[in-house]
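Right, one structure below, let's go through it.
The values are calculated or read from the model by the stated rules, or taken from the named source; none is laboratory data. Please read these numbers as outputs of a predicted model, since none were measured by experiment. Cβ coordinates were reconstructed from backbone atoms using ideal geometry, including for glycine residues, and neighbour counts include every protein chain displayed. Note: accessible area is taken over every heavy atom of the protein model, side chains too, but ligands, DNA and RNA are not part of it. Shrake-Rupley method; radii C 1.70, N 1.55, O 1.52, S 1.80 Å.
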Amino acid sequence: MKLSEGVEWALHSCLNLSWVEDEAVTATKLAAFYELPTAYMNKQLQALARAGILSSVSGPRGGFRLAKNIDDITLLDVVVAIEGPDDIFRCDQVLRRGPGGSDEVDYRQTCILSGAMRKADLAWRTSLAGQTIADIRADVEKAYPHTRDATLNHFLNVG
């Protein structure tokens, strides 16, 4: 499984926006922070806004800001906003076409491999759902104490 780069960009954007609190930051500034293409960054930010994670603010001081408290935004919320809600594994019921296969059986439910993949997907989603942007922010601030102030200074003082 490979997540799109948009997930990484979205997660970092949520973390960065957590430090600027109620200030709106433009897609251009968020993209420039990591030297990313603005149009593609804007696409990720719009997906986060559609999911209710960010809000879009119009006007001369517009941009994006968090729409929810960072304690209420899980890593899974961000992944689902960018990648969609589909399961990682899709069972196409290949057993139906194999020797002894039957059109009467729902192999998505009876196939041992399909069940194992669903179990792994659930474990992955449970892990991501158990971590919030607040948790990540606390870990970053502990490991890299200067990051908060440097990020805040960048977004509030760069034109």
With the other protein chains left in place, how much accessible area per residue, in square angstrom, belongs to region 23-153 at a 1.4 angstrom probe? 63
Pull up the cross-link candidates among the lysines for Lys119, meaning alpha carbon to alpha carbon under 28 Å and not fewer than 8 places away within one chain. Lys2
When the Kirkwood hydrodynamic radius is evaluated over all pairs of different C-alpha atoms of region 65-154, what value in angstrom, to one decimal, is obtained? 16.4
Order of exposure, largest accessible area first, which applies to Phe89, Phe64, Phe33 with probe 1.4 Å: Phe89, Phe33, Phe64
If the convex hull is drawn through the Cα atoms of region 1-93, its volume per residue in Å³: 101
In straight Cα distance, which lysines are under 17 Å from Lys29, not counting same-chain residues fewer than 8 positions off? Lys43
For the chain, I need the span (max minus min coordinate) of the C-alpha atoms along each principal axis, in Å, sorted largest to smallest. 68, 33, 25
Please state the relative contact order of the chain as a whole percent: Cα pairs under 8 Å, 6+ residues apart? 26
Neighbourhood net charge (12 Å Cβ-Cβ; Lys/Arg +1, Asp/Glu -1) for Lys119: 0
At a Cα cut-off below 19 Å, give the lysines reachable from Lys68, other chains included and same-chain residues fewer than 8 away excluded. none
One finds, for Thr28 and Ala138 with R0 = 22 angstrom and r their Cβ-Cβ distance, a FRET efficiency to the nearest 0.05 of 0.15
Taking +1 at the Cβ of each Lys and Arg and -1 at the Cβ of each Asp and Glu, which of Ile73, Leu48, Phe89 sits farthest along the dipole of the chain towards its positive end, judged by Cα position relative to the Cα centre? Phe89
Treating only the Cβ of Lys, Arg, Asp and Glu as charged (+1, +1, -1, -1), what charge dipole size does the chain show about its Cα centre? Round to the nearest 20 debye. 200
Quick one: give the max-minus-min coordinate of the C-alpha atoms of region 37-77 along each principal axis, largest first, in Å. 29, 21, 14
